[in-house]
Amino acid sequence: MKRAPTHSYPGLNLGRRHASADKASEVVTFGFWVFLMSDLVYFGLMFAIYITMIDAQAGGPGPAELFDLKSIFAQTLILLTSSLTVGLAMLALKYNLPRWRIVFWFCVTLVLGLCFLFLEIRDFMSMAEKGGIPQRSGFLSAFYGLVPLHGLHVTAGCIWLIVLGIQLRVFGLTDLLMSRVVRLALFWHFLDLIWIGIITIVYFGGLTYG
Amino acid sequence: MDKRSEMHRRERRRYVIGYGGSLLLTFAVFGIAYRYGIETPGVYLAISLLGLAQLIVQLVYFLHIDRRRSSREDLDLILFSTMVLLIIILGTVWIMGNLAVRMHTIPM
């Protein structure tokens, strides 16, 4: 019987080939999971506020006037695809493919992340044109507390991609950088999970109950 | 070398399956919303169940969370955080909803 490869932490492991980097990552990756989970609790609070504020529209514009589902659909597809490409970068690292393959998938992920941010900011601007600004109602304050928080995380992820891509080009595949790639991939997948919560609760939930 | 490229293929297939599954679920969600409208709670129930399914697909295929023995500690961490999260969200919604009913801001 074939034995399953051993994993020392959740998420894609670096594997036996990079044993030293894998070992070094173990504790740090667990710590990174603790960070992600506390971040999750923070997002959870914002979701809870949004749900309780959904009716507090104070006569201002509501979800039906403000939300553009076509744009949300495009953003969802873009973010989902970027989750795949960051995974492919991770695989290229694990299986010792040429370094340009990793940097290539990083670049694709970065472009997709920037496209996502572009669409999101365009949505916020068109919302503001229709009078949907944060100080208009409790509902809008909660919306702008939550969705741009996710956008801010994506922005941080994009900066991280750029910095790590440059580091990979300059320093090559050192153990430290490899374990950073693992954490970046975890972070990026995590953002995709949050986004699923946002489309389900903020957009569809808002349109149904708002 | 062959074994390595075989494993590489298998892991890549995992990602592609996860991507395909998520893509399918996304299309299903937006398709339902487009076809049946989003005003009724029944449709919303379907949408939220599909959203939950997508969370699980991505946790398994992208984040490789499973019940394998070696990653059990981290699974514990995730499950505990999820519990805290549910207490926060459900508790808030319960209390604030109850308050809203008592204050007559929403009908009984």
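The values are calculated or read from the model by the stated rules, or taken from the named source; none is laboratory data. Every value quoted in this text rests on a predicted model; they were computed, and no experiment measured them. Glycine also receives a Cβ, built like all others from the backbone with ideal geometry; neighbour counts cover every protein chain displayed. Calculation scope for accessible area: heavy atoms of the full protein, side chains included, ligands and nucleic acids excluded. Shrake-Rupley method; radii C 1.70, N 1.55, O 1.52, S 1.80 Å.
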Item checked: Hydrodynamic radius of segment A:28-209 per Kirkwood, over alpha carbon pairs, in Å -> 17.4
Margin query: Compute accessible area for segment B:23-57 by itself and then with all protein chains, 1.4 Å probe, and report residues whose area falls by 20 Å² or more.
Written below: B:L23, B:T26, B:F27, B:F30, B:I38, B:E39, B:P41, B:Y44, B:I47, B:G51, B:Q54, B:L55
Notebook entry, point to check: Once the other residues with Cβ under 11 Å from the Cβ of A:W160 are scored (Lys, Arg +1; Asp, Glu -1), what is the net sum?
Noted result: +2
Notebook entry, point to check: Using alpha-carbon pairs under 8 Å, 6+ residues apart, how would you state the relative contact order of chain A in percent?
Noted result: 33
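Using a 1.4 angstrom probe on the protein heavy atoms only, could you order A:D123, B:D2 from most to least accessible area? It would help to have the intermediate numbers written out before the result.
Values: A:D123 20, B:D2 125 Å².
Reading off the accessible areas and sorting them downward yields B:D2, A:D123.
Can you work out the accessible area per residue across chain A, with the rest of the protein chains kept in place, probe 1.4 Å, in square angstrom? Mind showing how you got there, number by number?
Working: 8690 Å² over 210 residues.
On a per-residue basis, 41 Å².
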Check: Where the only charges are on Cβ atoms (+1 Lys, Arg; -1 Asp, Glu), what is the dipole of the protein assembly as shown about its Cα centre, to the nearest 20 debye?
Finding: 1420
Note to self: Need one word for chain B: rounded, prolate or oblate. Basis is the Cα gyration tensor (sqrt eigenvalues a ≥ b ≥ c); a/c below 1.5 gives rounded, then a/b vs b/c decides.
What the structure shows: oblate
Next item on the list: Per DSSP H run of at least 4 residues, take -39500 (n - 2.57); add these up for the protein assembly as shown, divide by its residues and hand me the 222 nm value, nearest 500 deg cm²/dmol.
Entry: -27000 deg cm²/dmol
Margin query: With a 1.4 Å probe, what is the total accessible area buried between chains B and A, in Å² rounded to the nearest 100?
Written below: 4600
Next item on the list: Could you tally the net charge around A:L186, taking each other residue with its Cβ under 12 Å from the Cβ of A:L186, Lys/Arg +1 and Asp/Glu -1?
Entry: -1
Checklist line | Per residue, in Å², the accessible surface of chain B once ligands and nucleic acids are set aside, probe 1.4 Å | finding: 68
Notebook entry, point to check: Cα convex hull of the protein assembly as shown: mean projected area in nm², to one decimal?
Noted result: 17.4
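Rank A:F171, A:F73, A:F190 by accessible area, highest first, at a 1.4 Å probe radius?
On the way: A:F171 135, A:F73 55, A:F190 10 Å².
From most accessible down to least: A:F171, A:F73, A:F190.
Leaving ligands, DNA and RNA out of it, report the carbon-plus-sulfur percent of the accessible area of the protein assembly as shown at a 1.4 Å probe.
On the way: 11110 of 16040 Å².
The computed percentage sits at 69.
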